[in-house]
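Before any comments, here is the structure.
Throughout, read-outs are computed from the coordinates displayed, never taken from laboratory work. Quick caveat: nothing in here was measured; it's all calculated off a predicted structure. Counting neighbours? That spans all protein chains shown, and the Cβs are built from the backbone with ideal geometry, glycine included.
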Amino acid sequence: MLYKRSSQLFAEAEKVIPGGVNSPVRAFKAVGGTPIFVKSAKGAYLYDEDGNKLIDYINSWGPMVLGHAYQPVVDAVIEKAKLGTSFGMPTELETEIAALAVSMVPNIDKIRFVNSGTEACMSAIRLARGFTKRDKIIKFAGCYHGHSDSFLIQAGSGAVTFGSPNSPGVTQGTAKDTLLAKYNDLENVKTLVEANKGEIAAIIIEAVAGNMGCIVPKEGFLQGLRDLCTENGILLIFDEVMTGFRLARGGVQELYGIDADIVTFGKVIGGGLPVGAFAAREEIMNYLAPLGPVYQAGTLSGNPLAMAAGLAMLKALDSDREIFTRLEEKTAYLEAGIHRVLKANNVVFTINRVGSMISVHFDADPVTDFQTAAKGDNETFKKFFHGLLQEGVYIAPSAYETWFITDALTYEDLDFTINAIDKVSKTF
Ligand code: PMP
């Protein structure tokens, strides 16, 4: 496949946008080459500016759980836009989506909408700090919670791809309040809690991690965190920006039956429009302005177009209880196919998967945390990525990202993908 026009467009973009992109991981820096410029997308497919059709395994980094340009979402946005695009005043729609989200997710009484996952996580820790009157938080190496200062401490995703887990511009003062723990290592977290007794406001975690590839929480790890938090008056924050409304109707809390104190959302909850949200039980949420002392706000928060898209998406997920089963079955089929062809071609690999999140690591050992994820062979990944792109299959341009499976994928698409992987892995 040719990507000539995309390359030209990238060269033009580079003149007026830093690195040619509005979010770093789009730039193909980890894999080399120039990014694909998208013209349109429908269902499981992307159509680029060169006229190529690609099967999409990024799906806007997660939101498109039902495929691109999902008709009820598109219709809802068009109808709402005709009535005005932003008011900065309350609308009935906001209550409708809030009530639906609260009914779908365990342990939450109230939810507040923001404009991105970053804002959701940033606000969640401010709320946790205000509520507990403590300053420190614990995050896990390789987990990404957006680009607010407190989280750019060994973050995953693009922050890892670019080799700058600790970004300049984050002050020492901020960094000292973020304690780093090792994913899947409960003893390590216990030691940190012990050493900072009474000082930790929250532990924030991607309960199924997706920003160092997909990392599965070990048996007992999340429950161990829950118990540790309860014993020490620490709030447990599940960052469900990727997993919310994707791994189950009620996210990881429902999937594993573990209760979080605060949950953050992004991606699916906005149906592809810029939406994030954070939610908790009433006692915690009432600590927010205008009821409580913790300030948090947004001119475009609860924007009518974004809320219309989100509501259409959540209604679809709420009304068809088989969606999550279908996603599981499709992704399991893909996993089995990838396993079969990589093995047949003598490739060294490990596949991690939970529901519709899956990642292929080019390493033989189990991938359970940031350290083991970083061990993967990036040269093989580059060949894998570019080979698949030539075959018309688009996966994230970094080994640290999970693939997101959409219900719009057919079994023919999955077979096409498995065959493409077979072909590409013969060239390693
Ligand atoms: N948390 C997680 C788990 C994420 O994956 C992301 C984004 N990939 C974020 C937070 C930040 O969301 P956003 O990019 O919408 O700010």
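Numbers for the structure displayed
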read-out	value
Cα-based shape type of the stretch 354-419, given that a ≥ b ≥ c are square roots of the gyration tensor eigenvalues and the cut on a/c is 1.5	oblate
Electrostatic dipole magnitude of the stretch 71-319 [Cβ: Lys, Arg +1; Asp, Glu -1; Cα centre; debye, to 20]	380
Which of 108, 217, 183, positive extreme of dipole for the stretch 71-319 (C-beta unit charges)	183
The stretch 71-319 shape via C-alpha gyration tensor axes, a/c threshold 1.5	prolate
Most to least packed among 287-294, 98-105 [average Cβ atoms within 10 Å]	98-105, 287-294
Whole-Å distance, taken between Cα centres, linking the stretch 13-43 and the stretch 94-130	30
Dipole axis of the chain (+1 Lys, Arg; -1 Asp, Glu on Cβ), positive-most option in 323, 253, 354	354
Within the chain: Cβ-based charge dipole about Cα centre, in debye rounded to nearest 20 (Lys, Arg +1; Asp, Glu -1)	760
Local net charge near residue 350, Cβ-Cβ under 9 Å (Lys/Arg +1, Asp/Glu -1)	-2
Protection-proxy order for peptides 315-322, 183-190, each taking the mean of Cβ atoms within 10 Å per residue, highest first	183-190, 315-322
Mean Cβ count within 10 Å, highest first, over the residues of peptides 358-365, 8-15	358-365, 8-15
Of 24, 58, 277, farthest towards positive along the dipole that unit charges on Lys, Arg, Asp, Glu beta carbons give the chain	24
Formal net charge of residues neighbouring residue 28 (Cβ-Cβ distance under 13 Å; K, R +1; D, E -1)	+1
Local net charge near residue 425, Cβ-Cβ under 12 Å (Lys/Arg +1, Asp/Glu -1)	+3
For the stretch 1-48: rounded, prolate or oblate by the Cα gyration tensor [a/c cutoff 1.5]	prolate
Distance between modelled label sites at residue 371 and residue 345, nm, 7 Å Cα→Cβ extension	3.2
Aspartates and glutamates whose Cα lies under 13 Å from that of residue 190, excluding same-chain neighbours fewer than 8 positions away	227, 231
